[in-house]
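What follows is one structure encoded as structure tokens, with my remarks underneath.
The values are calculated or read from the model by the stated rules, or taken from the named source; none is laboratory data. The structure displayed is predicted, hence computed values, not measured ones. Reconstructed Cβ throughout: ideal geometry from the backbone, glycine too, with neighbour counts over all protein chains shown.
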Amino acid sequence: MAIDLVSLGETFEDVIFHDLKSWPKLGEEQRCDRLLRTWGGGALLTAVAAARQRLSVQVVSGLAPGAHRFLKREGLKVRNLRKTGEPHALTVALSTLEDRAFVTYPGVNEILEERFLKALATLRGRHLHLALEPRDCAAWCQALSVVRERKLTVSWDFGWNEELVRRPGFGQLLEHIDFLFLNETEASLYGPGLDWSWRPGTTIIKLGKQGCLAWRGQRKTEVRGLPVKAIDSTGAGDAFNGGFLAGMLSGQSLSECLAFGNRIGAASTLCPGGLEGLPRA
């Protein structure tokens, strides 16, 4: 089966203490009755969200053995760039009903950029989604030029990184991305705020429970969010990305893609962690 979506980037083992009544104080122990161990990271969550909507999806990442097995059970194709003996990445999350805090051990993710760039030379599919922080923007510009010559469209979710805007070539990199995913705070970090009409391609800005908007040239499209009783918003943005891309690769209009992204993102908040609430078509 031909691959619809290649999702390339960072993955993590997630250990989530959720439903905390308050934040633990320094020097004190707080017991928590709700613990979830699962898999996360933008590349994995976006891939699974799209695959559960019946797309053919491949993940390219540095995966723990358990994450590799999980993705295979989900029916995804896997290219694991982690070598034997290299530690996988792990995040510990503390979650109350109002907010979250994280501690992350990056593991193999720290050394994957060169392997990612090499992997692009042999990737095949209709669309490439990237979920990582680029360090060598010039190298990514060159690599994406080649990818787009092979008729793949490209999307990217950088996440939050204050250093990224100061890296040489970042402005040029933005020109090589067909679909750029941001949240509201990232839109102000990487650009002038909510007005991204200046950027080529499509820029999608996720606004949480308020919904989302997109710029395609001078045209702005807005879609309201869905009223849900969220339990945990971990990974909701990545779930949105997977829903949007599933819609786009199925031929939906921009407004339909935004609405579908909202639906998948909202569903993911109904369970702890990013994976448990992802719906199946």
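Provide a single number: the residues in segment 75-92 that are over 17 Å from the mean Cα position of the chain (by Cα) and either basic (Lys, Arg) or closer than 16 Å to Gly41 by Cα (or both).
Initially, segment 75-92 is screened for residues over 17 Å from the mean Cα position of the chain (by Cα), giving 75, 77, 79-88, 92.
Narrowing the set further to residues that are either basic (Lys, Arg) or closer than 16 Å to Gly41 by Cα (or both) leaves 77, 79-83, 87-88, 92.
The number of residues fulfilling the criteria is 9.
Can you tell me which of Gly251, Gly273 is outside any helix (DSSP H, G or I), at positive phi and modelled with pLDDT under 95? Please lay out each step first, then the result.
On the way: Gly251 fails: modelled with pLDDT under 95.
None of the other options fit; the residue is Gly273.
Being outside any strand (DSSP E or B), of a type in the set (A, V, I, L, M, F, W, C), exposed (fewer than 14 other Cβ atoms within 10 Å of the Cβ) and in contact with a helix residue (DSSP H, G or I) (Cβ under 9 Å, 6 or more places away or on another chain): is that true of Ala139 here? Outline the logic, then answer.
Working: outside any strand (DSSP E or B): yes; of a type in the set (A, V, I, L, M, F, W, C): yes; exposed (fewer than 14 other Cβ atoms within 10 Å of the Cβ): no; in contact with a helix residue (DSSP H, G or I) (Cβ under 9 Å, 6 or more places away or on another chain): yes.
When the stated conditions are applied, Ala139 does not pass them.
Restricting attention to segment 10-31, report how many residues are at positive phi and without any contact (Cβ under 8 Å) to a residue 12 or more places away in the chain. Give the steps one after another, and end with the answer.
Let us first name the residues in segment 10-31 that are at positive phi, namely 19, 27.
In the following step, the residues that additionally are without any contact (Cβ under 8 Å) to a residue 12 or more places away in the chain were identified as 27.
Residues that pass the stated criteria total 1.
Output the residues belonging to segment 62-90 that are outside any strand (DSSP E or B) and either under 18 Å from Arg34 (Cα atoms) or of a type in the set (A, V, I, L, M, F, W, C) (or both). Steps first, please.
Narrowing segment 62-90 to residues outside any strand (DSSP E or B): 62-76, 81-89.
Those that are outside any strand (DSSP E or B) and either under 18 Å from Arg34 (Cα atoms) or of a type in the set (A, V, I, L, M, F, W, C) (or both): Leu63, Ala64, Ala67, Phe70, Leu71, Leu76, Leu81, Ala89.
Is it true that some residue in segment 222-242 is free of Cβ contacts under 8 Å to residues at least 60 places away in the same chain, of a type outside the set (A, V, I, L, M, F, W, C) and under 24 Å from Trp160 (Cβ atoms)?
Yes, that holds for at least one residue.
Failed condition for Gly125, given (1) assigned to a helix (DSSP H, G or I); (2) surrounded by 20 or more Cβ atoms within 10 Å (Cβ to Cβ); (3) not aromatic (Phe, Trp, Tyr), with all others met?
(1)
Would you check if Ala47 is of a type in the set (Gly, Ala, Ser), modelled with pLDDT under 95 and within 28 Å of Phe240 (Cα to Cα)? First the steps, then the outcome.
On the way: of a type in the set (Gly, Ala, Ser): yes; modelled with pLDDT under 95: no; within 28 Å of Phe240 (Cα to Cα): yes.
Considered against the rule, which asks whether it is of a type in the set (Gly, Ala, Ser), modelled with pLDDT under 95 and within 28 Å of Phe240 (Cα to Cα), Ala47 comes out as no.
For segment 104-122, name all the residues that are surrounded by 14 or more Cβ atoms within 10 Å (Cβ to Cβ) and of a type outside the set (D, E, K, R).
Scanning segment 104-122 gives Thr104, Tyr105, Pro106, Gly107, Val108, Asn109, Ile111, Leu112, Phe116, Leu117, Ala119, Leu120.
Here is a yes/no grid of residues against (1) acidic (Asp, Glu); (2) touching a strand residue (DSSP E or B) at 6+ places or on another chain (Cβ under 7 Å); (3) within 23 Å of Asp99 (Cβ to Cβ); (4) modelled with pLDDT under 95:
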| residue | (1), (2), (3), (4) |
| --- | --- |
| Leu5 | no, yes, no, no |
| Phe17 | no, yes, yes, yes |
| Glu28 | yes, no, yes, yes |
| Leu55 | no, yes, no, no |
| Gly75 | no, no, no, no |
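Here are some conditions: (1) surrounded by 15 or more Cβ atoms within 10 Å (Cβ to Cβ); (2) among the aromatic types (Phe, Trp, Tyr); (3) over 15 Å from the mean Cα position of the chain (by Cα). Trp198 meets all but one. Which one does it not meet?
Looking at each condition in turn, Trp198 falls short on (1).
Considering Ala93, Ala101, which residue is out of contact with any helix residue (DSSP H, G or I) (no Cβ under 7 Å at 6 or more places or on another chain), exposed (fewer than 14 other Cβ atoms within 10 Å of the Cβ) and either touching a residue at least 12 places away in the same chain (Cβ under 8 Å) or not in a strand (DSSP E or B) (or both)?
Details: Ala93 fails: exposed (fewer than 14 other Cβ atoms within 10 Å of the Cβ).
None of the other options fit; the residue is Ala101.
Quick check on Val108: is it touching a His at 6+ places or on another chain (Cβ under 9 Å), under 20 Å from Gly42 (Cβ atoms), at pLDDT 95 or above and in a helix (DSSP H, G or I)? Steps first, answer last, please.
Numbers: touching a His at 6+ places or on another chain (Cβ under 9 Å): yes; under 20 Å from Gly42 (Cβ atoms): yes; at pLDDT 95 or above: yes; in a helix (DSSP H, G or I): yes.
Criteria met by Val108.
Can you tell me how many residues in segment 1-27 are within 18 Å of the chain's Cα centre (by Cα), in a strand (DSSP E or B) and among the acidic types (Asp, Glu)?
Total meeting the criteria: 2.
So Gln172 ticks every box in (1) surrounded by fewer than 16 Cβ atoms within 10 Å (Cβ to Cβ); (2) at pLDDT below 95; (3) not basic (Lys, Arg) but one. Which box is left unticked?
(2)
Among the residues of segment 41-70, what is the count of those that are closer than 19 Å to Ala119 by Cα and aliphatic (A, V, I, L, M)?
8
Yes or no: segment 17-32 includes at least one residue that is buried (at least 17 other Cβ atoms within 10 Å of the Cβ), out of contact with any Pro (no Cβ under 8 Å at 6 or more places or on another chain) and not aromatic (Phe, Trp, Tyr). Please lay out each step first, then the result.
Residues of segment 17-32 buried (at least 17 other Cβ atoms within 10 Å of the Cβ): 17-18, 20.
Narrowing further to those that are out of contact with any Pro (no Cβ under 8 Å at 6 or more places or on another chain): 17, 20.
Filter once more, so that each one left must be not aromatic (Phe, Trp, Tyr): 20.
Looking through segment 17-32, at least one residue is buried (at least 17 other Cβ atoms within 10 Å of the Cβ), out of contact with any Pro (no Cβ under 8 Å at 6 or more places or on another chain) and not aromatic (Phe, Trp, Tyr).
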